[in-house]
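We did not get these values from a lab; they are worked out from the coordinates using the rules stated. This one's a predicted model, so the numbers in the text were calculated from it and none came from an experiment. Neighbour counts run over all protein chains shown; Cβ positions are idealised from the backbone, glycine included.
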Amino acid sequence: MILPLFIALLTQIQGICGQSVDKNGVTILEKIEEVERQMLNVFTLVSVVAPCNKISAPENPHSGQQTSAEWVRIVFHDTITKNIEGPGLGGLDASVGFEADRPENVGAFINVTLGQFTQFSSIFLSMSDLIGIGLSDSLATCDQPLARRIPLRVGRMDATGPGPAGVPGPTDSLAFAQAAFTKAGFTNSEMIQAVACGHSLGGVHHENFPDIVPDPNDPENLFGRSPFDSTPDVFDNTGVQEYLTRTGLKGGPLVVGPEATRTDFLIFNSDDNATITAMSTPSSFENTCLTIFQKMMDNVPAGTVLSDPVTVRPWILRESHLDLLASGGVTFSGTISGHSTPAPPATANYFYGTVGGGNTGQKTVQQSFVYPNRPNGGDPEDTLIGFGTIVDYEFNDTLSSPSITSINIMSSYTAPVNLNIFILPSQSFSNPVNGQRQSIIRVAVLGTLATTGTTMSLRIWSPNRQPGSVVPTFVNQNITMSFLRTQGDYKIYQAVALTGDGAPGSTTVQANLGTTQASVKVQTGSLKPCTSAIPTTC
Ligand code: HEM
Ligand SMILES: *[C@@H]1O[C@H](CO)[C@@H](O)[C@H](O)[C@H]1NC(C)=O
Ligand SMILES: *[C@@H]1O[C@H](CO)[C@@H](O)[C@H](O)[C@H]1NC(C)=O
Ligand SMILES: *[C@@H]1O[C@H](CO)[C@@H](O)[C@H](O)[C@H]1NC(C)=O
Ligand SMILES: *[C@@H]1O[C@H](CO)[C@@H](O)[C@H](O)[C@H]1NC(C)=O
């Protein structure tokens, strides 16, 4: 019984600054920042699920597989098999990725959903954190116009194999469902809430449950979806109302369908409708559901260290990088993002902090993009995603002072700027080669630091396939960098690396000078391809 907990604790090694790091050397603060960057970017995960009625099979627009509903359902199927009494295993840990072929997971939703998430996976966000972000994004896009969000915690660790079976299904007894929820840490009342909240979206498909839903023989509804309520693409109390008042769809196929599969009725009725009646108004429904979904999302394996709930700061540096001009001058460019209601101002200001506490004076930058960008309602970027108006401000500065150590935005956000050692995006390249990626990474190190005898190495984390799951695993390698040339005050080092095995996900690199200096970790996804056959000549 002690072993799994022990393993979980071992993976939380102390980092150099006393900050807890995971097995990839990533701190909880790096994870939080990555979540903030994802959330304020309407082209990341949220664009896959918005608007709420989006179909997960674009090649088959009449399938009736609603992405938002699948993203909610997967949380249930991943977390319900947790065992709180036993070794504390299971919970939201992406083990569901290894369980796609089980009869209790009938349908394509696991591989489809996790497949949608994999393109955003990196060492910063585990698949189980992405499932959590997916739930928050899904509910926000289905909860228009309020777009309320579940507070997100990060730090979940992915399982490396399948967990126990036992997801209750529509032919199981009430006692079976109650036992499963109890074992996972939920009371009877919480079980009722979870089912009523989940079954506000989507429905039962003939394709997956032919004994529950007859084939509608409808070319507009190819998988034969029979919705739970009259508004399957709105996260609201309609289903609860229709069940209690026996109007509309009367609670849907698991209430009024075949006698042997009325699990929703058995569950809702298990306390004489007391719990479901208490969540029948729009606001009690929403409050109850956000609370129970948060509990499901934070139902993690014992030993997992979750962050505090992440509040996306009003101003962040969403993306940034240092680079060198041919002249040797240093540029710092990127995107500042602000969000608020009413909209953030047309200009943002910031300054660079210098050694000793001074600064280089205030700078002003104009807004570049505003989201939502009405009135093209229907595009992902036009769906309210719960942050009021998001404004991006793109900047590009030539840094005049070598003693710059930080950037301070709107007197509310500060981030370090490390001029000692940095990856050079303008001189680095990445190409697909035989199912792998070949990258040439060049790094600038301040010449005064790179004295003889120092070794420069590149740490690389790349996604690789793992048997039995569509979720990639991240493999780490360290390679030695070689000196290329001097450019201004900097020495340039380079390394050529063959990474990954074609698995989706983002490769991250970090340059290290001995053990004393480390660059920021950079994801290589945005590097341009090298057009020369010999990478070192690019
Ligand atoms: C004993 C408990 C439960 C049973 C027996 C049950 C059963 C089912 C069944 C049979 C379907 C149809 C799937 C398909 O045809 O693709 C379904 C769909 C769904 N379930 Fe549950 N469920 C339960 C609990 C939950 C919970 C707690 C949640 C909340 C996270 C949830 C969320 C969903 C969602 C969102 C869908 C719609 C999926 C879609 O439209 O693609 N379910 N459920
Ligand atoms: C609970 O509500 C359902 C649906 O309206 C109804 O059929 C059932 O009889 C109610 N149960 C009790 C104990 O009143
Ligand atoms: C920043 O500006 C410099 C010229 O000052 C230019 O060479 C460089 O490409 C720009 N960087 C970006 C990312 O736009
Ligand atoms: C899901 O993907 C995994 C990994 O590729 C595979 O082993 C499994 O058979 C797939 N299951 C379904 C139902 O697609
Ligand atoms: C790479 O280097 C880091 C830091 O020195 C170390 O923690 C890690 O274990 C190394 N990885 C491999 C695969 O040797």
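Quick notes on this one:
- Hits in segment 335-362 - residues which are over 24 Å from residue 147 (Cβ atoms), free of Cβ contacts under 8 Å to residues at least 60 places away in the same chain and surrounded by 15 or more Cβ atoms within 10 Å (Cβ to Cβ): 351, 354, 359, 360
A quick yes/no check of all residues on (1) under 25 Å from residue 97 (Cβ atoms); (2) under 28 Å from the mean Cα position of the chain (by Cα); (3) part of a helix (DSSP H, G or I):
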{"residue": "165", "(1), (2), (3)": "yes, yes, no"}
{"residue": "168", "(1), (2), (3)": "yes, yes, no"}
{"residue": "190", "(1), (2), (3)": "no, yes, yes"}
{"residue": "193", "(1), (2), (3)": "no, yes, yes"}
{"residue": "200", "(1), (2), (3)": "no, yes, no"}
{"residue": "204", "(1), (2), (3)": "yes, yes, no"}
{"residue": "214", "(1), (2), (3)": "no, no, no"}
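- Within segment 228-277, helices (runs of 4 or more DSSP H) holding 1 or more residues that are touching a Lys or Arg at 6+ places or on another chain (Cβ under 7 Å): 238-245, 253-256
- Single residue of 264, 298, 271 found to be buried (at least 17 other Cβ atoms within 10 Å of the Cβ), within 11 Å of ligand 2 (Cβ to nearest atom) and of a type in the set (Asp, Glu): 264
- Residue within segment 141-150 that is within 17 Å of residue 69 (Cα to Cα) and in a helix (DSSP H, G or I) present: yes
- Every listed requirement among (1) touching a residue at least 12 places away in the same chain (Cβ under 8 Å); (2) within 19 Å of residue 55 (Cβ to Cβ); (3) away from ligand 4 (no atom under 16 Å from the Cβ); (4) assigned to a loop (DSSP other than H, G, I, E, B) is met by residue 218 save one, (1).
- Filtered residues of segment 419-430 (kept if more than 16 Å from ligand 5 (Cβ to nearest atom) and either more than 23 Å from residue 506 (Cα to Cα) or crowded, with 17+ Cβ neighbours inside 10 Å (or both)): 419, 420, 422, 423, 424, 425, 427, 428, 429, 430
- Top-ranked residue in segment 27-62 [being without any contact (Cβ under 8 Å) to a residue 24 or more places away in the chain and within 24 Å of residue 157 (Cβ to Cβ); ranked as surrounded by the fewest Cβ atoms within 10 Å (Cβ to Cβ)]: 29
- Listed here are the strands (runs of 3 or more DSSP E) enclosed by segment 332-376 that have at least 3 residues being within 14 Å of residue 407 (Cα to Cα): 347-354, 363-366.
- Those strands (runs of 3 or more DSSP E) lying entirely in segment 449-538 with at least 2 residues surrounded by fewer than 17 Cβ atoms within 10 Å (Cβ to Cβ) and without any contact (Cβ under 8 Å) to a residue 60 or more places away in the chain: 456-466, 469-480, 482-487
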